[in-house]
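Coordinate-derived values only; no laboratory data. No experiment lies behind these values; they were computed from the predicted model shown. Note: ideal-geometry Cβ built from the backbone for every residue, glycine included; neighbour counts use all protein chains shown.
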Amino acid sequence: MWWKLKRSEFDKQKGLGNKKAIQSYVKSGKIPGILAYHQEIPVGWCAVEHRENYPVLDRSRILKKLDDTPVWSITCFFIEKRYCNKGMTVQILNAVKNYVKNRGGEVLEGYPIEPKKKYIPPAFAWTGFMSAFKDAGFIECARRSETRPIMRYHI
């Protein structure tokens, strides 16, 4: 819900309120992303939708629209700890490419980080790493911040 709500709304319903909000979103028939499974056990998550479903992006000076191209935005990941550092993000990105292609999308956009330090705590890596996006074939299209490129993949 971080990218969907005004910051005041997000803070107001922090925790359980946001959980209920995403549950309602899903129950309404909307699909907020994809799950990754390993042997029928969910081990990862990627939020991906049409960019207009993430209004907070356009309120950001760093992540505002590059142009009028209709894009699907990848806004966050969660990977179960046992599956971190094993290439799971690249696998998820490849699955997202197929997911978006099957829904008629032509351009995917992501907002990963390119950390200055070798190690960054997972809590700060929820938008993914630039290296994973590059490994999945995305190219950097803009950079309005030293550590936050905007990456695109043309399907």
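On a 32 Å Cα-Cα criterion, which of the cross-link pairs Lys6/Lys81; Lys12/Lys101; Lys20/Lys117; Lys14/Lys64; Lys27/Lys117; Lys20/Lys118 come out too long? Beyond 32 Å: Lys12/Lys101; Lys20/Lys117; Lys27/Lys117; Lys20/Lys118.
Straight-line reach from Lys86: taking Cα to Cα under 20 Å and skipping same-chain neighbours fewer than 8 places apart, the aspartates and glutamates in range are Glu40, Glu114, Asp135.
What shape does the stretch 39-155 take by its C-alpha gyration tensor, where a ≥ b ≥ c are the square roots of the eigenvalues and a/c under 1.5 counts as rounded, a/b above b/c as prolate, and the rest as oblate? Here the stretch 39-155 falls in the oblate category. Under a 5 Å amide H cut-off, with hydrogens placed 1.01 Å from N, Val71 pairs with Arg51 among residues at least 5 apart or on other chains.
Only bridges whose two residues both fall in the chain count here: according to DSSP, what percent of them are antiparallel, nearest 5?
Numbers: 21 of 25 bridges.
Of all bridge pairs located within the chain, approximately 85 percent are antiparallel.
Can you figure out the FRET efficiency of Asn85 with Cys141, using R₀ = 30 Å and their beta-carbon distance, to the nearest 0.05? FRET efficiency, Asn85 to Cys141: 0.65.
Averaging the sequence gap over all C-alpha pairs within less than 8 Å and six or more residues apart, then dividing by the number of residues, gives the chain a relative contact order of 20 percent.
With the simple model of a label 7 Å out from the Cα in the direction of the Cβ, Lys6 to Lys116 spans 3.3 nm.
Add -39500 (n - 2.57) for each DSSP H run of 4 or more in the chain, then divide by its residues: what number comes out at 222 nm, to the nearest 500 deg cm²/dmol?
Working: 5 runs with 43 residues, N = 155.
It lands at -7500 deg cm²/dmol.
Taking amide H as placed 1.01 Å from N in the peptide plane, Arg148 has its amide H under 5 Å from the amide H of Glu114, each at least 5 places away in sequence or on another chain.
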